[in-house]
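The values are calculated or read from the model by the stated rules, or taken from the named source; none is laboratory data. None of the values given here were measured: they were computed from a predicted structure. Here the Cβ positions follow ideal geometry from the backbone for every residue, glycine too, while neighbour counts run over all protein chains shown.
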Amino acid sequence: MMRHALHHDDTAIRYITDRIKRLYPPIIIAYCILIINFSIQSKWNVFEIIDEVYAHIWEFLLLTSTGITWEFWNFATWYISALLIVSYFIYWLIKKDEKCFSEFIAPLLIFAIYSWYAIQGKGLDYHVHWERICTSAISRAIGGISIGCISYYVNNKYIPKKINKYYCSCIEIIVLILIFSNIICAEKNSYNLLVLILFPVLIVIEYNKWNKWNEFFCNYIVTLLGRISINMYLNQVFFIGLFLNIHKKTNVLLDYLLFIVCLTLFACFIEFLRYKIIKKSMKLFCTKKI
């Protein structure tokens, strides 16, 4: 978002509109899968399906993080809703004064938000509703986007571009070990806030490709993983239920690995399906136009 803001002459409204256009096709497919699944399980008729869809209208409009409602079919959309809402205001601030936002407002927001989380003693897992606004969603979106913006700003302004890849590779390995150790040993307490310091280091290293293994990865595979990541995120609720019904538990580590592999393949299938739908629609539209 920060890169886009600095290299495009547009408004916050235009930016959010473009984001929604990109997000809605995979979101619609994910909801169609969930609706079909719920309809089969609950044996809904057409009128019951319409009633259920109408009851979750705010979720489909991605406005749940405003506090209008906090009922979900697809719980994964809560953070997407928060990111879209917050992105509008932060994008506007960046356009007005990039330096002021990056060097003063964003650090202040990060300090205020995550200090509050630390005081609660539950780290990033603390959730609370306040004045009909889900503060956990909105505050985490503000903090996350601010960290990303500062990472880009600092990388462009202050970090030299020529850095030893071997040193950065060692740093990245250490950071990854610390992150996984933190996830395993410090879950649901204030120590998991350490990832807020560690992740920006990974972001800067990966963004600049300051490591040796980037030379061995195929760009097509990396691009594909980036494209299917939204499908993995949006369809996890449905796929977890499907996976647990089909697969019998054996070993925790093996179960996790198998789940990730299967979810990745499922996301690839969804992306292929979306591509076919778009291709057919464009072919039909062009034929009618001619």
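Every condition in (1) surrounded by 15 or more Cβ atoms within 10 Å (Cβ to Cβ); (2) among the basic types (K, R); (3) more than 16 Å from M2 (Cα to Cα) holds for K21 except the one numbered (1). With respect to being aromatic (F, W, Y), outside the structural domain of F259 (by TED's automatic domain parsing), in a helix (DSSP H, G or I) and surrounded by 11 or more Cβ atoms within 10 Å (Cβ to Cβ), Y167 fits the description.
Against the list (1) modelled with pLDDT of 90 or more; (2) under 30 Å from L23 (Cβ atoms); (3) more than 20 Å from the chain's Cα centre (by Cα), the condition R132 fails is (1). Figure legend. Inter-residue proximity from the range 232-246: first residues touching a residue at least 40 places away in the same chain (Cβ under 8 Å), second residues buried (at least 18 other Cβ atoms within 10 Å of the Cβ) and of a type in the set (S, T, Y), beta-carbon distance below 8 Å, spacing 6+ or different chains. Indicated pairs: L234/T77.
Exactly one residue among I50, I36 is under 20 Å from I270 (Cβ atoms), without any contact (Cβ under 8 Å) to a residue 12 or more places away in the chain and over 16 Å from the mean Cα position of the chain (by Cα), and that residue is I36.
Please tell me if L62 is in contact with a Ser or Thr (Cβ under 6 Å, 6 or more places away or on another chain) and at positive phi. Judged against the criteria, L62 is a match. Hey, can you tell me all the residues within the range 53-73 that are crowded, with 21+ Cβ neighbours inside 10 Å, out of contact with any Cys (no Cβ under 7 Å at 6 or more places or on another chain) and either in contact (Cβ under 8 Å) with a residue 60 or more places away in the chain or outside the structural domain of I36 (by TED's automatic domain parsing) (or both)? Correct list: T64 only. When each of I90, I94, I29 is tested for being closer than 25 Å to L273 by Cβ and in the same structural domain as G143 (by TED's automatic domain parsing), the lone residue that passes is I29.
Only one of the numbered conditions (1) assigned by TED's automatic domain parsing to the domain that holds R3; (2) of a type outside the set (D, E, K, R); (3) modelled with pLDDT of 85 or more is violated by V175, and that is (1). Per the listing L263, L253, the residue uniquely surrounded by fewer than 17 Cβ atoms within 10 Å (Cβ to Cβ) and in a helix (DSSP H, G or I) is L253. Residue under question is I203, and the condition is that it be within 18 Å of I147 (Cβ to Cβ) and surrounded by 12 or more Cβ atoms within 10 Å (Cβ to Cβ); does it hold? Judged against the criteria, I203 is a match.
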